Structures are given as C-alpha cells and as structure tokens.
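Participant: Have a look at this one.
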C-alpha cells in the first residue's frame, strides 16, 4: 500500500473516532437537559402550590401562602433586616390599611409607656425636667420654636395647668421646672401640647 493510501486510511479512522466522541458528548448533553427539565417541572409543580398568577400583575403569593404558623418564632428579627431595607417606597399606596391588620393585633400593651420611677420625689420640686416635642406631620421630627402648654393630672384627677411654663432647649427638646404642687401625688401624668405638634404624655411614679 502506498504511503498516501496509509495516511488516508489513518485520517478516515481519526475522523470516525472524532465523530464518535462528538456523538457521545451530544448524548450526554441530551441526558443532562432531560434531568434539568425534570427538575424544572418538579420545581414548577411545587411553586404552583404556593403561587397564583393574577393575569394582570404577574405572579403573587396565593392566599394564606405565608401565615404565622409557617414562620418560626423569632425567625424575623431586627438583626435580619438591613438598615433602610423597609422604607415608605417599599410599599404600594394602600398596601397596609386597617383591613390588613387583624383586630386587636396592635393594642396599648404593644407600646412602651414613658414612666419615670426613680429620683422623682413626691411633693418635692424638680428643676429642668426634660421632654421632647414631635412634628404632627410625620411624628418623628423634633419641633423647635413652639409655645408649649403644660398640664398635670395627680393620682388620676382632672388636668390642671402646671405652675411653670416650659422653655426650649434646642431641636425639639424642652424643659420645665416642676413645682412641688405639680408632684404632690403617687402618680403624676404630665401632658405637653403645642400647635402643629403631637401631644407628649409622660407618667411619673413618685417615691416618698
């Protein structure tokens, strides 16, 4: 056999082997795609039980998909939420309204009460008692330059004006000199009011 014929035969064999390898690779890819497709179908079935297509707004969670019983106690804590992750822009207008909150979900016990228990003595004057006034528009921003009216209720009695008027400190902070007559009781409720500001109410439990 001539050298040219030998080389041609070797080339033919190599082409056959290359074609076989390519065929094997294609077959493997087909098998991989089949497995991936089966996994996708399984995932789709699982998601279908949780998600419902509205047909207008895309995909949303089905009713009762997330309930209190499905979330472990303390699963969502402050340290799990990045600073600034939840802001006003996160929610669509009207997304949270009275109908979205179960009756009794938020009650008086939910909120801490400002109670001063130590260091304030019954029927003893107290100088420069501090408090804060918030903007009624956002309930967060401190308001300066207010004319604040102070009243007190002693042991659950009717409110009456405090002996002295509050004065400004700065940036929403104010102070008042409480007279002994303002503190002549076991429990004192102070109420500070001003135009355009939220009322500030502070309860004091005096000591003897």
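Only the coordinates and a few stated rules stand behind these numbers; no lab work does. Fair warning: this is a prediction, and the values are worked out from it, not measured in the lab.
Participant: So for the range 115-192, considering every pair of alpha-carbon atoms, how many percent are separated by more than 22 Å? If you can, show how the numbers build up before the last one.
Facilitator: Numbers: 753 of 3003 pairs.
Pairs farther apart than 22 Å: 25 percent.
Participant: OK, next. Could you tell me the relative contact order of the range 113-205? Use alpha-carbon pairs under 8 Å, at least six residues apart, and round to a whole percent. The partial results should precede the final answer.
Facilitator: Details: 226 pairs, mean separation 37.0, N = 93.
RCO, the range 113-205: 40 percent.
Participant: Then there's this: Multiplying the sequence separation of residue 147 and residue 201 by 0.36 nm and subtracting their Cα-Cα distance, what value in nm do you get? Don't skip to the answer; put the middle values down first.
Facilitator: On the way: separation 54, 0.36 × 54 = 19.44 nm, distance 1.62 nm.
Full extension from residue 147 to residue 201 adds 17.8 nm.
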